[in-house]
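Trainee: The following block contains the structure, expressed as structure tokens.
Laboratory data are not the source of any read-out in this text; all were calculated from the coordinates shown. Just so it is clear, the model here is predicted, and its values are computed rather than measured. Virtual Cβ from ideal backbone geometry, glycine too; neighbours counted across all protein chains shown.
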Amino acid sequence: SRYCHIPAVRAQIERYLRQVDLVRVYSVALRDYLEPYNPNVVRVDGPLDWSLVPETLPEPEDEHVRVIYATSRLEDEVGPMLIGTMQRVLDTYPETEVVVWGPRFEALEGLPRARHIPPIYDYDMFFYSFARQGFDIGLAPLPDDLFHRCKSNNKFREYAACGIAGIYSDVDVYRDCVIEDVTGLLVGPGEDDWFDAVARLVEDTSLRDYVRKRARGYARKRYNMKKM
């Protein structure tokens with residue numbers, strides 16, 4: 001991002017935006033932000049390569065409910081908002097396991113049933129492996145500011161395709177695809193909001209299974225290579 005803030009680089013990007021015939025983006029916020037540069041800015045759905053996902057998702061290996069937070073950012077400024085929630089979940093529900101895929105959080109080091117998986121930077125290799133881990137509940141926090149509103153709903157596509165019941169920040173990025181208690185759960189920014197949502201899905205197996213199946217079906221219809 002430091003490179004992109006060099007004045008000459010920013011000017012080059014602006015020239016691209018003004019001169020091209022089409023600008024394609026994955027979020028409404030980014031579309032609205034770029035419209036002053038070009039009259040033809042189109043918002044499209046992001047892709048999902050279903051060939052990387054097994055037709056039949058893995059069965060649970062044991063009675064643990066696996067909660068996943070995944071990001072490719074090693075210097076992660078978003079995930080720490082969930083540390084208190086993760087600690088409370090582990091303390092309250094001995095049947096849970098919390099997995100952080102990517103950065104290490106010192107506050108979780110050494111806690112029983114807290115596990116770390118190092119990042120895989122080849123995306124296809126990552127998603128192939130991720131889809132076969134058997135995670136149950138996925139956490140997708142996102143601050144409600146302009147930069148993060150311009151992101152795509154990549155975490156929803158990943159969680160849904162892998163049959164993971166996702167909990168998402170209640171922001172524009174996820175309101176477009178999360179149907180409450182059907183394809184996921186939307187929550188506010190507070191620690192209690194996140195803990196209560198995780199608690200619901202841990203305790204209510206029927207709701208968790210329902211969301212997992214409905215989200216996967218929704219993703220198959222909306223996000224696929226044929227549509228792209």
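Trainee: Which of the three applies to the chain, rounded, prolate or oblate, going by the alpha-carbon gyration tensor with a ≥ b ≥ c and a/c under 1.5 meaning rounded? Display every interim value, and only then the final one.
Mentor: Details: a/c = 1.91, a/b = 1.57, b/c = 1.21.
Cα axes put the chain in the prolate bin.
Trainee: Further question: For Asp170 and Arg43 in the same chain, what is the full-extension length gain: residue separation times 0.36 nm, less their Cα-Cα distance, in nm?
Mentor: Numbers: separation 127, 0.36 × 127 = 45.72 nm, distance 2.01 nm.
Going from the current span to full extension adds 43.7 nm.
Trainee: With a cut-off of 8 Å between alpha carbons and a minimum separation of six or more residues, what is the relative contact order of region 32-99 in percent?
Mentor: 36 percent
Trainee: With Cβ to Cβ distances under 15 Å as the rule, what net charge do the other residues near Asp62 carry (K, R +1; D, E -1)?
Mentor: Around Asp62, the charge tally is -3.
Trainee: With θ set to phi - 60° and the Karplus curve 6.51 cos²θ - 1.76 cosθ + 1.60, what are the ³J(HN,Hα) couplings of region 185-195 in order, to the nearest whole Hz, using x for Gly and Pro?
Mentor: Whole-Hz 3J(HN,Hα) from phi for region 185-195: 10, 9, 9, x, x, x, 4, 5, 4, 5, 4.
Trainee: What percent does the relative contact order of region 170-217 come to when contacts are Cα pairs within less than 8 Å and at least six residues apart?
Mentor: It comes to 37 percent, rounded to a whole number.
Trainee: Now for a separate question. Under the rule a/c < 1.5 gives rounded, and otherwise a/b versus b/c splits prolate from oblate, where does region 47-135 land using the Cα gyration tensor?
Mentor: oblate
Trainee: Test of the criteria: in region 102-173, which GluC sites (Glu not before Pro) are in a DSSP loop and have at most 15 other Cβ atoms within 10 angstrom of their Cβ?
Mentor: Counting only loop positions with at most 15 other Cβ atoms within 10 Å, the GluC sites (Glu not before Pro) in region 102-173 are Glu109.
Trainee: Can you pull out the trypsin sites (Lys or Arg not before Pro) in region 176-228 that DSSP calls coil and that have at most 15 other Cβ atoms within 10 Å?
Mentor: Here the trypsin sites (Lys or Arg not before Pro) that fit, given the DSSP loop and packing criteria, are Lys226, Lys227.
Trainee: Still on this model: Is the shape of region 26-68 rounded, prolate or oblate, going by the alpha carbon gyration tensor and its root eigenvalues a ≥ b ≥ c, with a/c under 1.5 for rounded and a/b larger than b/c for prolate?
Mentor: Oblate.
Trainee: Roughly how many debye, to the nearest 20, is the charge dipole of region 1-46 about its Cα centre, given +1 on each Lys and Arg Cβ, -1 on each Asp and Glu Cβ, and no other charges?
Mentor: Computed charge dipole of region 1-46: roughly 180 debye.
Trainee: Give me the distance between the Cα centres of region 181-197 and region 4-51, rounded to whole Å.
Mentor: 31 Å
Trainee: Also: For Ser152 and Glu63, what is the calculated FRET efficiency with R₀ set at 45 Å and r taken between the beta-carbons, to the nearest 0.05?
Mentor: It comes out at approximately 0.85.
Trainee: Which residue, Val42, Val99, Val187, has the most motion in a Gaussian network model of the chain that connects Cα atoms within less than 10 Å?
Mentor: Result: Val42 has the largest fluctuation of those listed.
Trainee: Would you calculate the separation in nanometres between label points at Arg104 and Val182, each defined as 7 Å from the Cα along the Cα-to-beta-carbon direction?
Mentor: 4.4 nm
Trainee: Suppose R0 equals 30 Å. What FRET efficiency, 1/(1 + (r/R0)^6) with r the Cβ-Cβ distance, do Asp209 and Asp145 give to the nearest 0.05?
Mentor: Plugging the Cβ-Cβ distance into 1/(1 + (r/R0)^6) gives 0.30.
Trainee: Another question, then. Once you place label points 7 Å from the Cα toward the Cβ at Glu14 and Leu34, how far apart are they in nm?
Mentor: Label at Glu14, label at Leu34, 1.7 nm between them.
Trainee: Related question: Rounded to the nearest 0.05, what FRET efficiency do Thr56 and Ala199 have when you use their Cβ-Cβ distance and R0 = 25 Å?
Mentor: 0.30
Trainee: Further question on the same structure: How large is ³J(HN,Hα) for each residue in region 69-80, as worked out from phi by the Karplus curve 6.51 cos²θ - 1.76 cosθ + 1.60 (θ = phi - 60°), to whole Hz, x for Gly and Pro?
Mentor: 10, 10, 7, 8, 7, 6, 9, 9, 9, 9, x, x
Trainee: Check which residues have an amide H placed less than 5 Å from Ile117's amide H, if you skip close sequence neighbours.
Mentor: Val100, Trp101, Gly102
Trainee: Now for a separate question. Out of residues 5 or more away from Arg66 or on other chains, whose amide H comes under 5 Å of its own, with H placed 1.01 Å from N in the peptide plane?
Mentor: Hits under the 5 Å cutoff: Glu97, Asp136, Ile137.
Trainee: Give me the net charge of Asp176's neighbourhood, meaning all other residues with Cβ under 15 Å from the Cβ of Asp176; Lys, Arg count +1, Asp, Glu -1.
Mentor: Taking every Cβ under 15 Å from that of Asp176, the sum is +3.
Trainee: Test of the criteria: in region 197-228, which chymotrypsin sites (Phe, Trp or Tyr not before Pro) are in a DSSP loop and have at most 13 other Cβ atoms within 10 angstrom of their Cβ? Write down the numbers at each step before the final one.
Mentor: Values: sites: Tyr210, Tyr218, Tyr223; in loops: Tyr223.
When the chymotrypsin sites (Phe, Trp or Tyr not before Pro) of region 197-228 are filtered for loop state and at most 13 Cβ neighbours within 10 Å, nothing remains.
Trainee: Can I ask one more? Read phi for every residue in region 53-65 and hand back ³J(HN,Hα) as whole Hz from Karplus 6.51 cos²θ - 1.76 cosθ + 1.60, θ = phi - 60°, with x for Gly and Pro.
Mentor: 10, x, 4, 10, 6, x, 6, x, 7, 7, 7, 5, 9
Trainee: How high is the relative contact order of the chain? Use alpha-carbon pairs under 8 Å, at least six apart in sequence, and give a whole percent.
Mentor: Relative contact order of the chain: 21 percent.
Trainee: While we're here: Residues with amide H under 5 Å of Gly184's amide H, sequence separation 5 or more or different chain, H placed in the peptide plane at 1.01 Å from N; which?
Mentor: Ile179
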